[in-house]
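*Asks:* Handing you a structure now.
The values are calculated or read from the model by the stated rules, or taken from the named source; none is laboratory data. Owing to the predicted nature of the structure, the values given are computational and were not obtained by experimental measurement. Here Cβ is always computed from backbone atoms with ideal geometry, including for glycine, and neighbour counts include all displayed protein chains.
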Amino acid sequence: MGRRKLTSFRVELSLQPTLYSVIFFSLLAIVLAFACGSIIFLFYHISPWIAYQTFFRGAFGSWYAFSETLKRTIPLLLVGEGLALAFRAQVLNIGAEGQILLGAVAATWVALFFRASLFSFTSHDVSAGILSWSRMGFDSCFL
């Protein structure tokens, strides 16, 4: 009998995940979220299929519903992008909710007290929101 040569394996640690692992774990997170939601729906004697169907119709069932979904999603995406940037720079940012509120207050103030054309109104409104968010972040930086 001859001796078998065992193939050795080498494990390398990498800080950069592969594309397949990112896709796999993203899909796994979505499936687990729907599964957990289904368990909660079943606990309340609600059909998960009907609940998710109603959920998606309410969010994407018409152009109006889709526009309302986008209207409510965009501020959250912008704050999430700011948080991701802060965490990437290894800076702790715990004021995201306050930034949303302060930006909304500043944009509402501009909308109520400034008379201007539609184009300049929109640019002033957005600028006021951005400046108030920046000011809040600047103030908390020195605290």
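*Asks:* Scan the stretch 78-87 and tell me whether some residue there is closer than 30 Å to residue 126 by Cβ, surrounded by 11 or more Cβ atoms within 10 Å (Cβ to Cβ) and either among the polar types (S, T, N, Q) or touching a residue at least 24 places away in the same chain (Cβ under 8 Å) (or both). Step through it out loud before you land on a result.
*Replies:* Quick first cut of the stretch 78-87, residues closer than 30 Å to residue 126 by Cβ only: 78-87.
With surrounded by 11 or more Cβ atoms within 10 Å (Cβ to Cβ) added as a condition, the list becomes 78-80, 82-87.
Keeping just the survivors that are either among the polar types (S, T, N, Q) or touching a residue at least 24 places away in the same chain (Cβ under 8 Å) (or both) gives 82.
So far as the stretch 78-87 goes, yes, one or more of its residues are closer than 30 Å to residue 126 by Cβ, surrounded by 11 or more Cβ atoms within 10 Å (Cβ to Cβ) and either among the polar types (S, T, N, Q) or touching a residue at least 24 places away in the same chain (Cβ under 8 Å) (or both).
*Asks:* Among (1) among the hydrophobic types (A, V, I, L, M, F, W, C); (2) assigned to a helix (DSSP H, G or I); (3) more than 30 Å from residue 129 (Cα to Cα), which single condition is residue 15 missing?
*Replies:* All conditions pass for residue 15, except number (2).
*Asks:* Also: Provide a single number: the residues in the stretch 88-117 that are assigned to a loop (DSSP other than H, G, I, E, B) and either among the hydrophobic types (A, V, I, L, M, F, W, C) or closer than 13 Å to residue 130 by Cα (or both). Quick ask: steps written out before the conclusion?
*Replies:* The first filter runs over the stretch 88-117 and keeps only residues assigned to a loop (DSSP other than H, G, I, E, B), leaving 89-95, 114-117.
From what is left, the residues that are either among the hydrophobic types (A, V, I, L, M, F, W, C) or closer than 13 Å to residue 130 by Cα (or both) are 89, 91-92, 94, 114, 116.
Total satisfying the criteria: 6.
*Asks:* Also, I was wondering about something else. Scan the stretch 75-94 and give yes if some residue there is on the phi > 0 side of the Ramachandran plot and at pLDDT 80 or above, otherwise no.
*Replies:* First pass over the stretch 75-94, keeping only residues on the phi > 0 side of the Ramachandran plot: 90.
Okay, now just the ones that are also at pLDDT 80 or above, so 90.
Yes - at least one qualifying residue is present in the stretch 75-94.
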